[in-house]
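Notes for the one structure printed next.
FYI, it's all coordinate maths here, none of it is from the lab. Note that this is a predicted model, so its numbers are computed, not measured. With ideal geometry, Cβ positions are generated from the backbone for all residues, glycine too; neighbour counts draw on all protein chains shown.
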Amino acid sequence: MKIAVIGTGYVGLVTGTCLAETGNIVTCVDINKQKVQMMQQGQLPIYEPGIETLFHRNIIEERLFFTANLAGAIADATIIFLALPTPPGADGDADLSYVLGASKDIALLISSYKVIITKSTVPVGTADKVKAIFRQNTDVAVAVVSNPEFLREGVAVEDFMKPDRIVIGTQDERAKEILTELYAPYVRQGNPIIFMDERSAELTKYAANSFLATKISFMNEIANLCEKLGADVDMVRLGVGADERIGKRFLFPGIGYGGSCFPKDVQALAKSAETNDYDFKILHSVIQVNSLQKNVLINKLNAFFNNDLKGKTFALWGLSFKPETDDIREAPSLTVIGHLLKAGAKVVAYDPEAMNNVKALIGEKIKYADDQYDALIGADALLILTEWSVFRTPDFNRIKKLLAGPVIFDGRNLYSPHKMAGFGFYYNSIGRMA
Ligand code: UGA
């Protein structure tokens, strides 16, 4: 099938590349000519494990193209994906100007039936707005479909190639047939394509992300309670997760969820409820719990150092909001760094991928280490903020030698408290006894 993907951000590029991989001819469109040129030369503008091989293969085998020319890209395409940014607007609602602007441009160019798909996370009712734009600007028949994506950064290729489900919001029978064929290679294991109306599909995305954020916040509160009650959250997690109605996944406590999706989507759903005269009480609590959880390590540090962090040096392992990404949007590390600097402490950080992004944001306010051990030299404590695999089995004797004192605050529960006591560390993690 011939496909155009409008917008080559994270979602657009993963979608375009993975659709080319199953034999479709995909043209990705972006208004940024420099970026288009880069991609035409085989340079990938995002970090995402596993995508590079597919990206290069499909460019070489001429299934994946890049252009700044919208008209050329959509002329032959039956399917047009809109993977455009929807940043928070002034009033907290998503800003739809890119999605609606592109819809109008497309409406003015088309001369044959198209399936127009919104991939971006958009407020309920967006498909209706897009339909209205097509009605106003063209007589050509189109199907406007809501097809939210559920990709996780870091495992996006796997999530795209083997999704748990595909949600398609449309009542257009022709579009249903086309999309059933398009997605057939991805649901071979029997995972469902779930058809529904556009509004339900749009809401499904917000409900899924908000539910997962709630699950995490709930476990973060259980972890905090474990510390008060002398229980071990790892045991509680295993005990409750074994119930299939609850499920094992997404029960890991930590220092709060971050990223470009959960914080934004939970806020947006709460706001959308409010606009529609409904007070979504759980979501307000989730937002509050998450913001408090980002301070948990700082509170522990203050208790340990008697509220005197001034002049002390802290080594940070991990800056990205989660492993396998260089993304630092809403990362708990930024909250931790802010508190440490405000308290007059010095910070030396190491992250395998995200240091350049932090440098671009806060510059030389902190130091950046060449490797994870360099960060430790003379530090009063090590703080673990992201569970990168390289931090999972370090050389503990080396850590002890390099730190000024054998003190570790672990926001991701990477090590066994028992083992750490054996090494002679003061080791404080989340929801487990020190
Ligand atoms: C999330 C969803 O998982 C995807 O399904 C969705 O498509 C995506 O948002 C989106 O809307 O685009 P992502 O933000 O990439 O994906 O990251 P997750 O792996 O979901 O992690 C989110 C945050 O939750 C991270 O800060 C992570 O550290 C935290 N988390 C996750 C926990 O604290 N505990 C857990 O058990 C799991």
If the limit is 22 Å between Cα atoms, which of 33/114; 129/176; 33/176; 35/114 go over it? 33/114; 33/176; 35/114
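Is the shape of region 87-158 best called rounded, prolate or oblate, per the rule: a/c under 1.5 gives rounded, else a/b larger than b/c gives prolate, else oblate, with a ≥ b ≥ c the square roots of the Cα gyration tensor eigenvalues?
On the way: a/c = 2.46, a/b = 1.42, b/c = 1.74.
Judged from the Cα gyration tensor, region 87-158 comes out oblate (a/c at least 1.5, b/c at or above a/b).
Could you work out [θ]222 nm for the chain from helices alone, using -39500 (n - 2.57) per DSSP H run of at least four and dividing by all its residues? Round to the nearest 500 deg cm²/dmol.
Result for the chain: -13000 deg cm²/dmol, rounded to the nearest 500.
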Overall form of region 2-196 per C-alpha gyration tensor (a/c, 1.5; a/b vs b/c): rounded
Straight-line reach from residue 367: which lysines have Cα under 18 Å away, leaving out those fewer than 8 places along the same chain? 310, 312, 342, 346, 359
Only counting other Cβ atoms within 10 Å, I'd like 186, 257, 415 sorted with the fewest neighbours first. 186, 415, 257
Between 0 and 90 degrees, rounded to the nearest ten: what's the tilt of helix 198-229 against the longest Cα principal axis of the chain? 10 degrees
What angle do you read, to the nearest 10 degrees and between 0 and 90, between the alpha-carbon axis of helix 10-21 and the longest principal axis of the chain? 60 degrees
Using only the alpha-carbon atoms, how far is helix 262-275 inclined from the longest principal axis of the chain? Give it as 0 to 90 degrees, nearest 10. 60 degrees
If 398, 245 are placed from fewest to most neighbouring beta carbons inside 10 Å, the sequence is 245, 398
Region 69-106 to region 161-239: how many Å between their Cα centroids? 25 Å
Counting only Cα, what are the radius of gyration and maximum Cα-Cα distance Dmax of region 323-406, in Å? 12.6, 34
Quick one: check the C-alpha center-to-center distance for region 315-394 versus region 279-314, whole angstrom. 17 Å
